[in-house]
Every structure is written in structure tokens, then in C-alpha cells.
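The block underneath contains the structure these notes are about, expressed in C-alpha cells.
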Amino acid sequence: MSAAFTLVDRLPTVAEFQQLRESAGWTRVADDAIARALHQTLFAVCLEQDGQLVGSGRIVGDGAIYFYIQDVIVLLPFRGTGGGKLIMSALMEYLDRQVTGYAFVGLMAAKGVASYYEQFGFRPRPTDGPGMFLTLPRE
């Protein structure tokens, strides 16, 4: 499989985003919620091959102090071909341009891939300050 990718500064469409989420095995979310979420994105890139979306990543946050890398997904047939690194590099370049002082940049890695993000400078949180999360609706 050829790895000739094009990286485009754009949001995925709702349908594209749903396809990426499904390929990652993530919970299905209503289209209107996806549309609202994408609208709140600070920056996004789409990875394409031959005009077709094969991956994406985005940054959310307040645009000044707190930034979160979200939804870095590459379709399964294209994993391991360098596309994820292209996405992450573009997201990190955006942060380098935007951050003028102190900023916290977070991400939540999928199980088994946390070490991948170390090449971009990310480190696990110290055990004396573990991260927490909540999903809604509560079960």
C-alpha cells in the first residue's frame, strides 16, 4: 500500500468523523453532537490519500492556556505508515505557533499507545496527580 499522503488543514465532515470513530471502535455519538463538537475545534487536520480521508486529528481547549489533543485517528489499513506522525506533527506545529507563554497541553491515549506520544514530548502524569474523567450519562 502506498503511503503518499496529503495533509489538509480542515475539519472532517460529520460523516467522515463518524467513520473514523467507528474504525477506532469508539462509541457512536449522534450526528448533531458531532457537528457541535467539530464546530468548537481550535484546529484540525485531515490526512488524505488519493482524495479520500484516511485520518484526522484536532485540538480543542480555550485557545490560550489549555489545549487538548483529541481524536487522533488513522483508519486501520493505514496505521503504521507514518500518517499518525504527520497528523501529530501538524498539531504540534499549530501549538508552537499559538502558545506564547505557559500552556498545558493534554491528551488521553488509547490503551497500549501512550508511549507513541512520547516522541512528541508527552509524559505520563505523575502518580501523585493522576488524571480523572467522567462519561455521561452516568451508569
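The values are calculated or read from the model by the stated rules, or taken from the named source; none is laboratory data. Only a predicted model underlies this, so the values are computations on that prediction, with no experimental measurement involved. A quick note on method: Cβ atoms are made from the backbone with ideal geometry, for glycine too, and the neighbour counts reach across all protein chains shown.
Of the residues ARG123, ARG97, ARG58, which is exposed (fewer than 10 other Cβ atoms within 10 Å of the Cβ), under 15 Å from ASP9 (Cα atoms) and not small (Gly, Ala, Ser)?
Just one listed residue meets the conditions, ARG97.
Cβ-Cβ distance below 9 Å, separation of 6 or more or different chains: which pairs start in region 123-139 with a residue that is aromatic (Phe, Trp, Tyr) and end on one that is surrounded by 10 or more Cβ atoms within 10 Å (Cβ to Cβ) and modelled with pLDDT of 80 or more?
Pairs that qualify, where the first residue is aromatic (Phe, Trp, Tyr) and the partner is surrounded by 10 or more Cβ atoms within 10 Å (Cβ to Cβ) and modelled with pLDDT of 80 or more, are PHE133/MET108.
Quick one: which helices (runs of 4 or more DSSP H) sit completely within region 1-109 and have at least 1 residues that are aromatic (Phe, Trp, Tyr), within 30 Å of PRO130 (Cα to Cα) and in contact (Cβ under 8 Å) with a residue 24 or more places away in the chain? I'd like the intermediate steps shown before the answer.
Values: elements: 14-23, 31-39, 83-98.
Answer list for region 1-109: 14-23, 83-98.
Provide a single number: the residues in region 10-36 that are closer than 17 Å to VAL74 by Cβ and among the acidic types (Asp, Glu).
2
All but one of (1) modelled with pLDDT under 95; (2) in contact with a Phe, Trp or Tyr (Cβ under 9 Å, 6 or more places away or on another chain); (3) of a type outside the set (Lys, Arg) hold for THR100; which doesn't?
(2)
Which numbered condition in (1) within 25 Å of LEU136 (Cα to Cα); (2) of a type in the set (A, V, I, L, M, F, W, C); (3) at pLDDT below 95 is the only one that ALA37 fails?
The single condition ALA37 does not satisfy is (3).
Among the residues of region 76-104, write down those that are farther than 15 Å from ALA4 by Cβ and either within 12 Å of the chain's Cα centre (by Cα) or of a type in the set (A, V, I, L, M) (or both).
LEU76, GLY84, ILE87, MET88, SER89, ALA90, LEU91, MET92, LEU95, VAL99, ALA103, listed by residue number.
Of the conditions (1) surrounded by 12 or more Cβ atoms within 10 Å (Cβ to Cβ); (2) more than 22 Å from LEU11 (Cβ to Cβ), GLY112 clears all except one; give me its number.
Every condition holds for GLY112 apart from (1).
When you go through (1) over 20 Å from ALA90 (Cα atoms); (2) modelled with pLDDT of 95 or more; (3) among the hydrophobic types (A, V, I, L, M, F, W, C) one by one for ALA24, which number turns out not to apply?
Failing condition for ALA24: (2).
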